[in-house]
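The block underneath contains the structure these notes are about, expressed in structure tokens.
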């Protein structure tokens, strides 16, 4: 495919899920038993043949760096290119960025240096499998200046949204920012393709003019100024816009078809951990659940996502829960609709319940 | 700059393991899958890194493809180093002569230059067919304290089994006065575990002497160790009392896998002080829908059937109505609906058709006369057709 560099916003829309981003950046939110959200955009890039990825970070990125390391698990520990962290306060940006445009401004030094002709920019708050090289092919075929990827679904309440009107030939005729209309819309999924040189020109021009918003000041008026095209992504797409949508995006993995779409065919890369295989005691009863390495189950588990090293004590019943890494649930507990962040302990006999639209959240490292 | 390693480990991984029959027909014994997500070689390699030994030569000879691919650059064991790390040492062609490794001592002798590159004080000799966790650093400390030329790790075995092992006859202070290889009438129950620490200069000296001896079988147990003892070198025994299992036979491999089961198992893999490392596959967590009892299951599984007292490896699919009891499934195995697997070991990449019947209930199977104590064994890559049968104690090496 055409030589392409990737850029990922690891720290975007964090205000949507304050519970989970209190201790980490958006990209390092644990997901699906053994992954972090950033794994999906990053694996999509690697599986599209991209070997140079700039990771834009903001604050709270220790956990993300711990996860990514040198990038070897994504095959991105390279002599030339590979995974390159783009921390704040570097290059052109003297302050901590407040929006996407300022963040990109901080990445200009990186973009000037790379040799690749095209750039794919993606967020890290969504779970989907997309071959970006197909978007690049489309971009070239349409002779577009910018190609934006959309997914058709019912608009959800979120901090930031963008929807398109698209002409028959794929050209974007109108961009609506924070739309008020409801129903099924063409939602921008924050995946953008452009020529590297064109994007650089846009950013430098925007800096000169004192623009503040990539969407409002560049893309929206851009429908009249540039060749803006839309690429329709038809696969499974889950955007994490709230604790509730985080819960749903995990639970949907219990659907075999979606599990196969996300994990089948091409691997989702992630940091590898040396946990022993999951152990089921003779008192274990597990139904419709994902169980990771290192789990020890002595109780009853139904419709759950269990991350690595979760222990479920005897006589305990856990239903519709997401229990992150190293949660220890004692004996004779009852948990339902609980999302428990890493390293928490629930003592014997506790009864905790949330509900489907409002799961009960346990902070990282709590003792209950 | 310090270009030296105090201790270099040499891991003998060339053996065929003929008593594992079909399981080693095209892979070396140390590469045989174990405990759902491991291979046998993970144990000595993890022990090395957990004991602070970061230079390991792996001597391969028999069917090394899977093993070489698995070890790769050693990264999963933290053995990708700029100086040291893990190195695959296969037989090579030299100016004077070309030869395969002829016995354990000859294999080490042929790689004397590799060891000398690191200018070691000590050399640790390991074999790649045992399941155990051991701190070699403690053994090295004992070797140094005893000022020995060679220290042999040993453990107590039941007296009636002692004649199967190399037996050490020791004095009260732990020094060895006699070494007997598989004696008919053993005088002691201290069996050699095949783990030796040599003071490097002594090892090099006796390997060179052994090489010049035309009568020698080039074997550590039979030749080098007795020669050292006869020459009056200080030989010392190091007692080990943890879990250790030779998985050289089908039934011992099955038992060692079963020793991992239970909340308090005979052999614990999940203690976090001495983490067992392995090359982990990129698979999502296991999906569990069926009944899974007293078993371990690795990632990537899709378990909709029943699994009881079993070890299920990576990426296994067990369909609705299928039953897996008292069995070891090594990895990437599909068990179709209604198939029944009892008291079996199934190698990687096997497909079991609908309603196939593999093995028999353990209580019945153990009565069957066979090389495998009644365990049904299915070789790598075979398929069993719909309704196919493999009786207890059979070894299947082709599609059934």
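Structure values in brief
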{"item": "Top-ranked residue in region A:314-325 [being assigned to a loop (DSSP other than H, G, I, E, B) and more than 10 Å from chain B (Cβ to nearest Cβ); ranked as nearest to residue A:66 (Cα to Cα)]", "result": "A:325"}
{"item": "Residues located in region B:109-149, provided they are closer than 30 Å to residue B:252 by Cα and assigned to a loop (DSSP other than H, G, I, E, B)", "result": "B:128, B:129, B:133, B:134, B:135"}
{"item": "Residues located in region A:345-359, provided they are touching a strand residue (DSSP E or B) at 6+ places or on another chain (Cβ under 7 Å) and within 12 Å of residue A:243 (Cβ to Cβ)", "result": "A:354, A:359"}
{"item": "Residue B:180 being outside any loop (DSSP other than H, G, I, E, B), farther than 22 Å from residue B:123 by Cα and in contact with a strand residue (DSSP E or B) (Cβ under 6 Å, 6 or more places away or on another chain)", "result": "yes"}
{"item": "Residue B:315 being more than 23 Å from residue B:266 (Cα to Cα), more than 8 Å from chain A (Cβ to nearest Cβ) and at pLDDT 95 or above", "result": "yes"}
{"item": "Of residues in region B:212-247 being farther than 19 Å from residue B:108 by Cβ and in a strand (DSSP E or B), the one nearest to the chain's Cα centre (by Cα)", "result": "B:246"}
{"item": "Residue that is surrounded by the most Cβ atoms within 10 Å (Cβ to Cβ) [pool: residues in region A:96-134 that are without any contact (Cβ under 8 Å) to a residue 40 or more places away in the chain and closer than 14 Å to residue A:197 by Cα]", "result": "A:109"}
{"item": "Failed criterion for residue B:292 (all others in (1) more than 8 Å from chain A (Cβ to nearest Cβ); (2) surrounded by 20 or more Cβ atoms within 10 Å (Cβ to Cβ); (3) closer than 14 Å to residue B:36 by Cβ hold)", "result": "(1)"}
{"item": "Residues of region A:44-75 satisfying the condition of being touching a residue at least 24 places away in the same chain (Cβ under 8 Å), surrounded by 18 or more Cβ atoms within 10 Å (Cβ to Cβ), touching a strand residue (DSSP E or B) at 6+ places or on another chain (Cβ under 9 Å) and within 14 Å of another protein chain (Cβ to nearest Cβ)", "result": "A:46, A:74"}
{"item": "Residue under evaluation residue B:279, criteria (1) surrounded by fewer than 18 Cβ atoms within 10 Å (Cβ to Cβ); (2) more than 10 Å from chain A (Cβ to nearest Cβ), criterion not met", "result": "(2)"}
{"item": "Which listed residue is under 21 Å from the mean Cα position of the chain (by Cα), at pLDDT 95 or above and under 18 Å from residue B:331 (Cβ atoms), from B:303, B:296", "result": "B:296"}
{"item": "Check on residue A:252, assigned to a helix (DSSP H, G or I), in contact with a helix residue (DSSP H, G or I) (Cβ under 6 Å, 6 or more places away or on another chain) and within 14 Å of chain B (Cβ to nearest Cβ)", "result": "yes"}
{"item": "Pick from region B:295-309, criterion at the interface with another protein chain (Cβ under 7 Å from one of its Cβ atoms) and touching a residue at least 40 places away in the same chain (Cβ under 8 Å), ranking: surrounded by the fewest Cβ atoms within 10 Å (Cβ to Cβ)", "result": "B:299"}
{"item": "Any hit, region A:266-273, residues being surrounded by fewer than 21 Cβ atoms within 10 Å (Cβ to Cβ), over 22 Å from the mean Cα position of the chain (by Cα) and not assigned by TED's automatic domain parsing to the domain that holds residue A:45", "result": "no"}
{"item": "Total residues in region B:266-276, condition within 8 Å of chain A (Cβ to nearest Cβ) and touching a helix residue (DSSP H, G or I) at 6+ places or on another chain (Cβ under 9 Å)", "result": "2"}
{"item": "Verdict on residue A:268 being assigned to a loop (DSSP other than H, G, I, E, B), touching a strand residue (DSSP E or B) at 6+ places or on another chain (Cβ under 9 Å), facing chain B (nearest Cβ under 8 Å) and at negative phi", "result": "yes"}
{"item": "Top-ranked residue in region B:318-339 [being away from every other protein chain (no Cβ under 14 Å) and over 27 Å from residue B:248 (Cα atoms); ranked as surrounded by the fewest Cβ atoms within 10 Å (Cβ to Cβ)]", "result": "B:337"}
{"item": "Search result, residues across region A:278-309 that are within 7 Å of another protein chain (Cβ to nearest Cβ) and in contact with a helix residue (DSSP H, G or I) (Cβ under 8 Å, 6 or more places away or on another chain)", "result": "A:288, A:289, A:290"}
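Yes/no per residue for (1) more than 17 Å from residue B:44 (Cα to Cα); (2) exposed (fewer than 13 other Cβ atoms within 10 Å of the Cβ):
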{"position": "B:121", "(1), (2)": "yes, no"}
{"position": "B:126", "(1), (2)": "no, no"}
{"position": "B:140", "(1), (2)": "no, no"}
{"position": "B:167", "(1), (2)": "yes, no"}
{"position": "B:172", "(1), (2)": "yes, yes"}
{"position": "B:180", "(1), (2)": "yes, no"}
{"position": "B:186", "(1), (2)": "yes, no"}
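Here is a yes/no grid of residues against (1) outside any loop (DSSP other than H, G, I, E, B); (2) in contact with a strand residue (DSSP E or B) (Cβ under 7 Å, 6 or more places away or on another chain):
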position	(1), (2)
A:182	no, no
A:185	yes, yes
A:189	yes, yes
A:194	yes, yes
A:199	yes, yes
A:202	yes, no
A:211	no, no
A:216	yes, yes
A:223	yes, yes
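The values are calculated or read from the model by the stated rules, or taken from the named source; none is laboratory data. For clarity, every value in this text was computed on a predicted model and none was experimentally measured. Positions of Cβ are generated from backbone atoms using ideal geometry, with glycine treated the same way; all protein chains shown enter the neighbour counts.
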